[in-house]
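Working notes, structure below.
Every read-out reported here was derived from the displayed coordinates using simple, explicitly stated rules and does not represent laboratory data. Since the structure is predicted, the reported quantities are computational estimates derived from the model, not experimental observations. Cβ atoms come from the backbone with ideal geometry, glycine included; neighbour counts cover every protein chain shown.
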Amino acid sequence: MDVKKIEKLDLDELNKVRTDYSENNIKLGMISADEYLLKQQLTEIESLKQDCFTSIDTIKANEIELINKLKEKYGEGQINIDEGTFISTSSV
């Protein structure tokens, strides 16, 4: 068996390639971990957004119920919330 000593320059280049692979794999692992955490955050954001859309449906239903209740109580007209007044639009 013929064993030869590798020159320092060649050995340095081989070690640089090994180091580059190692550093790249570490970066890839960190990026993958960040991606995982971001996906979790996006899932949470989507859930919170869906909760808001559900609230819109509830608020809208409450609004319709309130409008109908106020129509029964005051009749057709306009309400000025700032002044706390009702102006009837129906002729009596």
Study note, to complete from the structure: Picked from the stretch 37-92 (must be of a type in the set (A, V, I, L, M) and outside any helix (DSSP H, G or I)), the residue surrounded by the fewest Cβ atoms within 10 Å (Cβ to Cβ) is VAL92
Review point. For the stretch 1-36, which residues satisfy the criterion of being assigned to a helix (DSSP H, G or I) and among the β-branched types (Val, Ile, Thr)?
Key: VAL17, THR19, ILE26, ILE31
